[in-house]
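The values are calculated or read from the model by the stated rules, or taken from the named source; none is laboratory data. Here the structure is a predicted model, which is why all the values come from computation and not from measurement. In this analysis, Cβ positions are derived from the backbone assuming ideal geometry, glycine residues included, and neighbour counts consider all displayed protein chains. In case anyone asks, the SASA skips ligands and DNA or RNA and just uses the protein heavy atoms, side chains included. Shrake-Rupley method; radii C 1.70, N 1.55, O 1.52, S 1.80 Å.
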Amino acid sequence: SPIIFEVILRDCSSFGANRASSPSGECVCGRYSVPVGQACGQLVVIIPVVAVVVLGLLWMFVAVYVWIRVRRADSVWRIDMRELKFPTKQELELGKGTSG
């Protein structure tokens, strides 16, 4: 006659939250949780944290890129003070210009 016995799942609550017993009897992270160090973290918490960090880094890289591009574009308009010639009071004539 066959032997009938009841399989009792291992209690994994002593190993931390979000742990469940696997078919082999090991305590693994349960559904919708991933291992984080020695504990299990819920995906509901981990996904927003990772998304905020990634978006923050992306924003920083874009801001630095735009800042560099603006500095390069503005460098064309910088004039050294030695290149400027200011007229003396004798050379200054009002109303005289290049167009008339």
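Pick out the one residue from CYS29, CYS40, CYS12 that is touching a Pro at 6+ places or on another chain (Cβ under 8 Å) and open to solvent by less than 90 Å² (accessible area, probe 1.4 Å). CYS29 is the lone residue from the list that is touching a Pro at 6+ places or on another chain (Cβ under 8 Å) and open to solvent by less than 90 Å² (accessible area, probe 1.4 Å). Among residues that are open to solvent by less than 100 Å² (accessible area, probe 1.4 Å) and either at positive phi or over 23 Å from the mean Cα position of the chain (by Cα) (or both), ARG78 is not included.
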